[in-house]
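Peer 1: Got a structure for you, questions after.
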Amino acid sequence: MSTIFSQIVAGEIPARIVYEDETTIAFLDANPLAPGHTLVIPKDEYERLNDVPDDVAADLYETVHHMVPVVEDAVDADATTVAFNNGEEAGQEVPHVHCHIVPRFEGDGGGPIHAVAGDRPDLDDDELDDIAADIESSA
Ligand code: AMP
């Protein structure tokens, strides 16, 4: 079964497509958090960032990098929040990797990326060292 975003890629359902190349596509979010809220996706269907092959990840980032200033300029934004909901528990609803480019404006009432997490953990130095070592060992 293909995702709603694959249906956009295939031209089966309408979208306001603002950029397209061989492997990626960008279109306006149907329920924008701000004017210009844009989604960038790989055309091929991968559920999470973790599933995206290296070459597609590079293409995806290149398109995000290209589109951020284009979107900001188009809606005269002061800044952007650029983020992936990577997995259901992180709020991902559409199981097809997508990067949100959300234009931000002075006094827009929004918050920083720090506002998305729940209660902050209380970690001591040893715990932080262990976590860093675990991550580093598989990086
Ligand atoms: P997420 O919660 O990260 O999976 O976000 C999914 C996003 O896709 C939401 O912001 C929706 O508003 C957006 N969305 C869902 N269906 C469509 C659609 N057909 N066209 C454009 N955006 C969509």
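Peer 1: Exactly one condition in (1) farther than 24 Å from residue 118 by Cα; (2) within 14 Å of the ligand (Cβ to nearest atom); (3) modelled with pLDDT of 95 or more; (4) open to solvent by 30 Å² or more (accessible area, probe 1.4 Å) is false for residue 85; which is it?
Peer 2: (1)
Peer 1: Additional query: Any idea which of 73, 44, 78 is over 16 Å from residue 98 (Cβ atoms) and without any contact (Cβ under 8 Å) to a residue 24 or more places away in the chain?
Peer 2: 73
Peer 1: So, residue 14, is that one modelled with pLDDT of 95 or more, over 14 Å from the mean Cα position of the chain (by Cα) and not in a helix (DSSP H, G or I) or not?
Peer 2: Judged against the criteria, residue 14 is a match.
Peer 1: Just wondering, is there one or more residues in the range 105-124 that are within 16 Å of the chain's Cα centre (by Cα) and under 16 Å from residue 34 (Cα atoms)?
Peer 2: Scanning the range 105-124 turns up at least one residue that is within 16 Å of the chain's Cα centre (by Cα) and under 16 Å from residue 34 (Cα atoms).
Peer 1: Within the range 18-32, restricting attention to residues that are within 10 Å of the ligand (Cβ to nearest atom) and part of a strand (DSSP E or B), which residue is least open to solvent (accessible area, probe 1.4 Å)?
Peer 2: That would be 27.
The values are calculated or read from the model by the stated rules, or taken from the named source; none is laboratory data. On a predicted model such as this, the values are computed, not experimentally measured, just so you know. All Cβ positions, even for glycine, are placed from backbone atoms using ideal geometry, and neighbour counts span all protein chains on display. Note: areas computed on protein heavy atoms with side chains; ligands, DNA, RNA excluded. Shrake-Rupley method; radii C 1.70, N 1.55, O 1.52, S 1.80 Å.
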